[in-house]
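Structure record follows, encoded as structure tokens.
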Amino acid sequence: PRWMHVLPNGDVLVAETNKPPPGEGAPSGLKRKVMGWVMSRAGAGVPSPNRITLLRDADGDGVAEVRSVFADQLMSPFGMALVGQHVYVANADAIVRFAYTEGATKVEGPPQAVAALPGGPLNHHWTKSLIASRDGKRLYVGVGSNSNVGENGMEMEEGRAAIWQIDLDVSGGGKGKVFAGGLRNPVGM
């Protein structure tokens, strides 16, 4: 479990996730072996479950009697937000949405793409926080840097170390722009 979101009816969504698999251009050789060893010692060396689990306390005693897979087959999901009749999810590389009916224990159908996010073969600081504006017209997404001091080249930092603003239109997708920049890893907005 990495992140939680409480729905208005009290249901709790839990993003069960880990880093996305390494892509082309990711560290290899000794560096990758050492990183893998360190991550496994910290309990992070397992494949990502790529799902969101719903927990429901049906009788109000503080214990979830209902536990179900709410959404799966995601790409290292993290941030979540309910806007109108849709649950938005910030994956490691994109924002997607699902139609939502209050009280449902799982979403129906595949996710709809909303906006691409900086990701790529090197995707350090891969967790993407997500919040909605009060009026539900915009999403704000935290996108962390891809390094510590630009050691992989500044082209790998394009669009990163920032909070993105995604304007939602009637179809649920929209254009994105950098709302705030120079933020190493804006997780937990």
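Can you name every one of the strands (runs of 3 or more DSSP E) wholly within region 9-127 that holds 3 or more residues which are free of Cβ contacts under 8 Å to residues at least 40 places away in the same chain?
66-71, 94-99
Farther than 30 Å from ASN185 by Cβ, open to solvent by 60 Å² or more (accessible area, probe 1.4 Å) and hydrophobic (A, V, I, L, M, F, W, C): is that true of VAL46 in this structure?
Criteria not met by VAL46.
If I go through region 80-93 residue by residue, how many of them are closer than 20 Å to ASP169 by Cα, of a type in the set (Gly, Ala, Ser) and within 8 Å of the chain's Cα centre (by Cα)?
Residues in region 80-93 being closer than 20 Å to ASP169 by Cα, of a type in the set (Gly, Ala, Ser) and within 8 Å of the chain's Cα centre (by Cα): 1 in total.
Of GLY144, GLY150, which residue is surrounded by fewer than 17 Cβ atoms within 10 Å (Cβ to Cβ), of a type in the set (Gly, Ala, Ser) and modelled with pLDDT under 95?
On the way: GLY144 fails: surrounded by fewer than 17 Cβ atoms within 10 Å (Cβ to Cβ).
Being surrounded by fewer than 17 Cβ atoms within 10 Å (Cβ to Cβ), of a type in the set (Gly, Ala, Ser) and modelled with pLDDT under 95 holds for just one of GLY144, GLY150, which is GLY150.
Suppose we filter ALA90, ALA161, ALA132, ALA71 for residues that are over 18 Å from VAL187 (Cα atoms) and either in contact with a strand residue (DSSP E or B) (Cβ under 9 Å, 6 or more places away or on another chain) or open to solvent by 60 Å² or more (accessible area, probe 1.4 Å) (or both); which single one remains?
Of the residues listed, the single one that is over 18 Å from VAL187 (Cα atoms) and either in contact with a strand residue (DSSP E or B) (Cβ under 9 Å, 6 or more places away or on another chain) or open to solvent by 60 Å² or more (accessible area, probe 1.4 Å) (or both) is ALA71.
The values are calculated or read from the model by the stated rules, or taken from the named source; none is laboratory data. Just so it is clear, the structure is predicted and the values come from calculations on it, not from any experiment. For neighbour counting, all protein chains shown are included, and Cβ atoms are generated from backbone atoms with ideal geometry for every residue, glycine included. Remember, those area values only see protein heavy atoms, side chains included, never the ligands or the DNA or RNA. Shrake-Rupley method; radii C 1.70, N 1.55, O 1.52, S 1.80 Å.
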